[in-house]
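FYI, it's all coordinate maths here, none of it is from the lab. On a predicted model such as this, the values are computed, not experimentally measured, just so you know. When we count neighbours, we look across all protein chains shown, and the Cβ atoms used for this are built from the backbone with ideal geometry, even at glycine.
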Amino acid sequence: MTEDDIVYENGRFWVARQCNAFVVYRSAITYSVSDSAYARTPDGLSVARARRDYLANRFRCQSRTKAARHSR
């Protein structure tokens, strides 16, 4: 995989083009973990982008909740 295979990115989550699928990844410190894969079709790409955005928003909300708990 090369950087050219990355289709969309949103914070710690990104979508890459692979052989016959679009794969959603979560970035860690030194590596990335695949979350899910979808057919390499326009619909598959749409679902992969929606999943990436959902995960990014969920991560942001969890981060804010943790920060609010620690500020008490």
Checklist outcome for this item: Relative contact order of the chain (C-alpha contacts under 8 Å, at least 6 apart) in percent is 24 percent
Next on the checklist: Taking R0 as 25 Å, what FRET efficiency do you get between I29 and Y8 from their Cβ-Cβ distance, rounded to the nearest 0.05?
Outcome noted: 0.70
Next on the checklist: Once the cut-off is 17 Å, how many percent of the Cα-Cα pairs in the chain end up in the long-distance tail?
Outcome noted: 45 percent
Checklist entry - So how tilted is helix 42-70 from the main axis of the chain? Cα-based, degrees 0 to 90, rounded to 10. => result 10 degrees
Checklist entry - If the chain between M1 and R17 were fully stretched, how many nm would it gain, using 0.36 nm times the residue separation less the Cα-Cα distance? => result 4.9 nm
